[in-house]
Amino acid sequence: SNSYPNDETHWKKALETFDKRGVDFLVSSGDIVNDQNGGQTYAAEYKAYQKILADSPFANPVWESNGNHDVHVAWQHNVKNVYNKPFVMGTGVDSNASTIKSNKMYFEMTEPTTGDHFIFLAQEGGFYTNEVEQFSDAQLSWLEGLLKKYNGDGKNIFIMEHANVEGWGSGDKATSPYLYDLGLKKTQTSTAKFIKLMET
């Protein structure tokens with residue numbers, strides 16, 4: 001994109017490195033795409049990302065959380081537009097046709113060798129994470145159910161989530177690390193519920 005002129009070259013080289021090192025799988029915390037030049041560029045970037053992945057020697061899974069750039073939701077005249085539909089349709093597919101049809105962008109996987117659990121959350125509200133709720137009630141209920149299900153099974157649980165919560169979390173800065181204010185706000189209802197789940 002315009003902000004990262006060498007991103008496709010770096011992505012190609014990274015995949016070659018992962019293949020040489022025998023990496024089992026990759027996880028991403030979101031923002032597969034970036035361009036802010038307009039709605040039409042998001043899908044084009046994701047297709048370029050997919051092509052590099054398809055052409056690379058790395059053939060193991062890539063599990064992706066959904067960032068605010070990836071879904072890029074915009075509301076115009078009370079109509080919800082998702083500019084990057086290829087990503088929405090291609091992410092969160094947990095081996096279920098109904099998942100694809102529902103456009104659900106959050107999902108889980110259990111690593112077959114270790115039995116560790118990987119939970120991938122999704123930014124659902126749109127680009128400006130500090131202005132709108134990012135987690136639906138359905139997503140948080142799903143997360144709570146998984147945490148209860150896996151509680152005490154002796155396996156690690158990794159939660160992949162894109163945006164930081166301003167002023168909360170181990171090692172986080174007291175304020176947002178972004179150049180401008182994009183951190184999730186503790187005053188947001190969904191963010192408060194997410195924090196409560198994590199602390200519980």
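The values are calculated or read from the model by the stated rules, or taken from the named source; none is laboratory data. Quantities reported herein were computed from a predicted structural model and do not represent experimental measurements. Backbone-built Cβ (ideal geometry, glycine too); neighbour counts: all protein chains shown. Surface accessibility is based on the protein's heavy atoms, side chains included, excluding ligands, DNA and RNA. Shrake-Rupley method; radii C 1.70, N 1.55, O 1.52, S 1.80 Å.
Below, the figures for the structure above:
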quantity	calculated
Cβ pairs under 6 Å, 6+ apart, first in the stretch 105-123 and farther than 17 Å from GLU161 by Cβ, second assigned to a strand (DSSP E or B)	THR110/HIS117
Leading residue by the ranking (modelled with the lowest pLDDT) among those in the stretch 133-154 that are in a helix (DSSP H, G or I) and among the charged types (D, E, K, R)	ASP137
Pair list, Cβ < 9 Å and 6+ apart or interchain, from the stretch 141-159 residues that are more than 17 Å from GLU199 (Cβ to Cβ) to residues that are of a type in the set (Phe, Trp, Tyr) and part of a loop (DSSP other than H, G, I, E, B)	TRP142/TYR106
Subset of the stretch 177-200 [open to solvent by 20 Å² or more (accessible area, probe 1.4 Å) and modelled with pLDDT under 85]	PRO177, TYR178, LEU179, TYR180, ASP181
Condition met for MET160 (modelled with pLDDT of 85 or more and touching a Leu at 6+ places or on another chain (Cβ under 8 Å))	yes
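Table: residues versus (1) open to solvent by 30 Å² or more (accessible area, probe 1.4 Å); (2) at pLDDT below 70; (3) in contact with a helix residue (DSSP H, G or I) (Cβ under 9 Å, 6 or more places away or on another chain).
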residue: ASP24; (1), (2), (3): yes, no, no
residue: ASP31; (1), (2), (3): yes, no, yes
residue: GLN36; (1), (2), (3): yes, yes, yes
residue: ALA59; (1), (2), (3): yes, no, yes
residue: ASN66; (1), (2), (3): no, no, yes
residue: HIS69; (1), (2), (3): no, no, yes
residue: VAL73; (1), (2), (3): no, yes, no
residue: GLN76; (1), (2), (3): yes, yes, no
residue: PRO86; (1), (2), (3): yes, yes, yes
